Amino acid sequence: MAAPKGPATHVDSPLEPVFDVHSRVLMLGTMPSPKSREVGYHYGNPQNRFWRVMAAICGEEPPTCREECRALALLHHFALDDVLRSCTIVGASDASIRDAVPNDLRARVLDHAPIRAIFCTGAASHRLYRRYIEPELGIPATRLPSTSPANASWSLPRLVEAYGVVKRYLQE
């Protein structure tokens, strides 16, 4: 894998979690990508397959804008947040993350929603969750493959199959 290009930048995530009092599953990314920060919603890069995967496991058409993404999440009871509140990062390269500061997931989501399962959308978010958050919360998270375009070895059907485990918690 080639080293990320460009300068390292300190980033404070501008995104708030998405959830309501009916959210059963918490889906965690690492840190919003530059495109997601620009458009103002989780997995906002149109090349990221997260919304297509979640729509498929929920039996819905893929959302096309911020409002539709939020509606899909709330209708099907999954919450969204990120492991990190801030970090130093090169572009969207999780491998370049330094100076990580975790989110307080208890205060942000867990104290307000009946979350039954936590899923990390990629190896980096899972590694950082296990390092910074799991010891304090005592709640393990399940690692799912990344839906990022950088994870091109995973086809959309293969991602949908892997994310099928989430559906069980959404239907309980």
| task | Select from region 106-129 the residues that are over 17 Å from H77 (Cα atoms), more than 15 Å from the chain's Cα centre (by Cα) and open to solvent by 70 Å² or more (accessible area, probe 1.4 Å) and list them in ascending order. | result | R106
| Of all residues in region 36-63, which are assigned to a helix (DSSP H, G or I) and over 15 Å from the mean Cα position of the chain (by Cα)? | E38, V39, A56, I57, C58
| Name the residues in region 16-35 that are modelled with pLDDT of 95 or more, of a type in the set (A, V, I, L, M) and in a loop (DSSP other than H, G, I, E, B), would you? | V21
| Has region 41-63 got any residue that is closer than 30 Å to D99 by Cβ, among the small types (G, A, S) and out of contact with any helix residue (DSSP H, G or I) (no Cβ under 9 Å at 6 or more places or on another chain)? | no
| message | Here is a check on your reading of the model: is H22 farther than 19 Å from S155 by Cα, surrounded by fewer than 16 Cβ atoms within 10 Å (Cβ to Cβ) and either under 15 Å from the mean Cα position of the chain (by Cα) or not small (G, A, S) (or both)? | response | yes
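For (1) more than 26 Å from E38 (Cβ to Cβ); (2) modelled with pLDDT under 95; (3) touching an Asp or Glu at 6+ places or on another chain (Cβ under 6 Å), each residue gets a yes or a no:
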{"site": "A73", "(1), (2), (3)": "no, no, no"}
{"site": "A79", "(1), (2), (3)": "no, no, no"}
{"site": "D82", "(1), (2), (3)": "no, no, no"}
{"site": "I89", "(1), (2), (3)": "no, yes, no"}
{"site": "P114", "(1), (2), (3)": "yes, no, no"}
{"site": "Y129", "(1), (2), (3)": "no, no, no"}
{"site": "L159", "(1), (2), (3)": "no, no, no"}
{"site": "Y163", "(1), (2), (3)": "no, no, no"}
{"site": "V166", "(1), (2), (3)": "yes, no, no"}
| note | For region 130-172 the number of residues that are closer than 29 Å to S86 by Cβ, in contact with a Ser or Thr (Cβ under 9 Å, 6 or more places away or on another chain) and open to solvent by 40 Å² or more (accessible area, probe 1.4 Å) is 3
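For (1) touching a residue at least 12 places away in the same chain (Cβ under 8 Å); (2) open to solvent by 20 Å² or more (accessible area, probe 1.4 Å); (3) not aliphatic (A, V, I, L, M), each residue gets a yes or a no:
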residue	(1), (2), (3)
H10	yes, yes, yes
E38	no, yes, yes
V53	yes, no, no
I57	yes, no, no
C65	no, yes, yes
L74	yes, yes, no
S86	yes, no, yes
| Can you name every residue in region 125-157 that is touching a residue at least 60 places away in the same chain (Cβ under 8 Å), assigned to a helix (DSSP H, G or I) and within 15 Å of L26 (Cβ to Cβ)? | S125, L128, Y129
| remark: Going through region 3-18 in order, the residues found to be of a type in the set (A, V, I, L, M, F, W, C), within 19 Å of the chain's Cα centre (by Cα) and over 17 Å from S125 (Cβ atoms) are none
| query | Would you pick out the residues in region 149-167 that are of a type in the set (A, V, I, L, M) and in contact with a strand residue (DSSP E or B) (Cβ under 9 Å, 6 or more places away or on another chain)? | reply | A150, L159, A162, V165, V166
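The values are calculated or read from the model by the stated rules, or taken from the named source; none is laboratory data. None of the values given here were measured: they were computed from a predicted structure. Heads up, the Cβs are rebuilt from the backbone with ideal geometry, glycines too, and the neighbour counts pull from every protein chain shown. In case anyone asks, the SASA skips ligands and DNA or RNA and just uses the protein heavy atoms, side chains included. Shrake-Rupley method; radii C 1.70, N 1.55, O 1.52, S 1.80 Å.
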